[in-house]
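Worksheet: the structure to be examined is printed underneath.
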Amino acid sequence: LLAKRGHTEPYLSAEAKSFPDSYRDPAGGWVAAYLQLNVIAYNTKLVARAEAPKGYEDLLNPKWKGKMGLDDKQYIWFDGLLKVMGRDKGLAYMKRLASQAIHFRSGNTLLANLLAAGEFGILINARPESVDELKQKGAPVEWVAPKPTTANVLPIAVAKNAHHPNAAKLFMDHMLSEEGQRILSAMSRTPARPGVSTPNPR
């Protein structure tokens, strides 16, 4: 949106060619720096592994009514599912999901912690990195990758009229390089550059 409105300076970083076409603006306005994967998480003390939802349709089961949490600002996730499901089918699904008496809160980190504390059994849209960190600390949490698994694309761009445009371009080159992407991975981010590993290979 910022690129379309002319707020970014087109810059074709030499590193951009290593990224899939869908992760970059063909006009050079931005390139994906990292991704936020959208997964379903659950509390293993409240939800047995065998009963854990495997996909979005499973969340419509009446037994989960009043037992699920969701961030109230998941616009990108909502839009992504509508694109994958088709607008009419997606909206019909969301209306059915809304009837499940969902616990709404603000903030992915807060919701992951509430899941770990047993406030609810299922977190409809979780970040796998957050769940993995809690699990490493001993929290009774796990996640599944639903089909489809959508991703939020977090881009990097050079601002139009930047005070130091060359420094901005160098920084962008670094963030998109293998080294920069490894730094993001070490910060519990999912790098957008193919071939750069993450702490959890899933």
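Overview of results
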quantity	calculated
Residue tally, condition under 30 Å from G180 (Cα atoms) and open to solvent by 10 Å² or more (accessible area, probe 1.4 Å), over segment 34-48	4
Residue tally, condition part of a helix (DSSP H, G or I) and either touching a residue at least 40 places away in the same chain (Cβ under 8 Å) or open to solvent by less than 100 Å² (accessible area, probe 1.4 Å) (or both), over segment 12-31	6
Members of segment 17-42 found to be touching a strand residue (DSSP E or B) at 6+ places or on another chain (Cβ under 6 Å) and farther than 18 Å from R189 by Cβ, listed by number	G29, I40, Y42
Residue satisfying all of: in segment 179-202; small (G, A, S) and either under 16 Å from the mean Cα position of the chain (by Cα) or surrounded by 12 or more Cβ atoms within 10 Å (Cβ to Cβ) (or both); nearest to T109 (Cα to Cα) among these	S188
Any strands (runs of 3 or more DSSP E) falling wholly within segment 62-178 and containing at least 2 residues that are open to solvent by less than 30 Å² (accessible area, probe 1.4 Å)	68-71, 122-126, 141-144, 151-156
Candidates E9, E51 - the one that is of a type outside the set (G, A, S), open to solvent by 20 Å² or more (accessible area, probe 1.4 Å) and more than 27 Å from P191 (Cβ to Cβ)	E51
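The values are calculated or read from the model by the stated rules, or taken from the named source; none is laboratory data. This structure is a prediction, so every number in the text was calculated from the model and none was measured. Counting neighbours? That spans all protein chains shown, and the Cβs are built from the backbone with ideal geometry, glycine included. Only protein heavy atoms, including side chains, enter the accessible area calculation; ligands, DNA and RNA are left aside. Shrake-Rupley method; radii C 1.70, N 1.55, O 1.52, S 1.80 Å.
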